[in-house]
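To keep things clear, I will list the structure first and then write my remarks on it.
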Amino acid sequence: MSQNVLILGAPGAGKGTQSARIAEEFDVEHVTTGDALRANKHMETEHGTPASFMDEGELVPDPVVNEIVRAALSEADGFVLDGYPRNLSQAEYLDDITDLDVVLYLDVDEDELVNRLTGRRLDPETGDIYHVEYNPPESEEVEERLVQREDDTEETVRERLRVYRENTRPVIDHYEERGDLVRIDGEQTPDEVWEDIRETIENEA
Ligand code: ADP
Ligand code: ADP
């Protein structure tokens, strides 16, 4: 039976990195609001364009994001959801539209998050996630084409972490109080984090 997995954590905690592995290993859809919004950055909505919020590190309004998630989950036979919910009202919406089998929380200290985000680089051709120091690409060809996200500058990163503390921390508490949350030490190496995640999902199946 396919699994419905939610992965929570601060910006830079490693959600995208681990979600790609979850999607591959467990054959589920990677649903990520960040990528979906970036693909529609300049779409006009009655709330403005996603870009006008994202470039400032603010949350895109709930109606826009809720609809993206509803549509994506309704088409998925098993998923790993990454980047959502980011506030309590999104968490309540999610409770109404789906059932979750596993809720993971990647726990990483805030100082480390700034390093991870400002050093993050992406391969525009494959979508693979790299880091200048912690996870550089092996080939020079890949290295040359890497790009940095517009919101991975130190100033926007600080604002995103502030928004995270204010809006998203209560979401972690929401799942913790329900007893659903599995905390993973996100400061281990990517392979060690992955081992913990894989075991957790296998045990919940
Ligand atoms: P998120 O999706 O939670 O914002 P990412 O998966 O994009 O996080 O990871 C943020 C940055 O940290 C990337 O540059 C990635 O290569 C790096 N990274 C991810 N996991 C680890 C880890 N366990 N240790 C060190 N760096 C990591
Ligand atoms: P990261 O994991 O590095 O924080 P994401 O790619 O998940 O970055 O998100 C990038 C930006 O997209 C956020 O700063 C925010 O502006 C917007 N965004 C993503 N997911 C949501 C969401 N669930 N609700 C509101 N805005 C979102």
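So that you can scan it fast, the table gives a plain yes or no per residue for (1) more than 15 Å from ligand 2 (Cβ to nearest atom); (2) within 14 Å of the chain's Cα centre (by Cα); (3) closer than 24 Å to R38 by Cβ; (4) among the basic types (K, R):
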| position | (1), (2), (3), (4) |
| --- | --- |
| N87 | no, yes, yes, no |
| N115 | no, no, yes, no |
| S139 | yes, no, no, no |
| V142 | yes, no, yes, no |
| E176 | yes, no, no, no |
Can E138 be described as assigned to a loop (DSSP other than H, G, I, E, B) and either out of contact with any Lys or Arg (no Cβ under 9 Å at 6 or more places or on another chain) or more than 21 Å from D55 (Cα to Cα) (or both)?
yes
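Residues to consider are T49, T33, T17; find the one that is of a type in the set (V, I, T), modelled with pLDDT of 95 or more, within 12 Å of ligand 2 (Cβ to nearest atom) and over 16 Å from the mean Cα position of the chain (by Cα). It would help to see each step written out before you state the result.
Values: T33 fails: over 16 Å from the mean Cα position of the chain (by Cα); T17 fails: over 16 Å from the mean Cα position of the chain (by Cα).
The conditions single out T49.
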Only residues in the stretch 1-29 that are assigned to a helix (DSSP H, G or I) count as the first member; pair them with residues that are of a type in the set (D, E) and within 12 Å of ligand 2 (Cβ to nearest atom), Cβ under 7 angstrom, at least 6 apart or cross-chain, and list the lot.
K15/D82; G16/D82; S19/D82
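Can we say V157 is among the β-branched types (V, I, T), within 14 Å of ligand 1 (Cβ to nearest atom) and without any contact (Cβ under 8 Å) to a residue 60 or more places away in the chain? Reasoning before the result, please.
On the way: among the β-branched types (V, I, T): yes; within 14 Å of ligand 1 (Cβ to nearest atom): yes; without any contact (Cβ under 8 Å) to a residue 60 or more places away in the chain: no.
It is false that V157 is among the β-branched types (V, I, T), within 14 Å of ligand 1 (Cβ to nearest atom) and without any contact (Cβ under 8 Å) to a residue 60 or more places away in the chain.
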Return the pair list, or none, for Cβ contacts closer than 8 Å from residues in the stretch 85-99 that are among the aliphatic types (A, V, I, L, M) to residues that are near ligand 2 (Cβ under 7 Å from one of its atoms), at least 6 apart or on different chains.
A91/P85; L94/Y84; L94/P85
Looking at the stretch 144-160 only, could you name the residues that are surrounded by fewer than 16 Cβ atoms within 10 Å (Cβ to Cβ), of a type in the set (A, V, I, L, M, F, W, C) and within 12 Å of ligand 2 (Cβ to nearest atom)?
none
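The values are calculated or read from the model by the stated rules, or taken from the named source; none is laboratory data. This one's a predicted model, so the numbers in the text were calculated from it and none came from an experiment. Glycine gets a Cβ as well: all are built from the backbone with ideal geometry, and neighbour counts include every protein chain shown.
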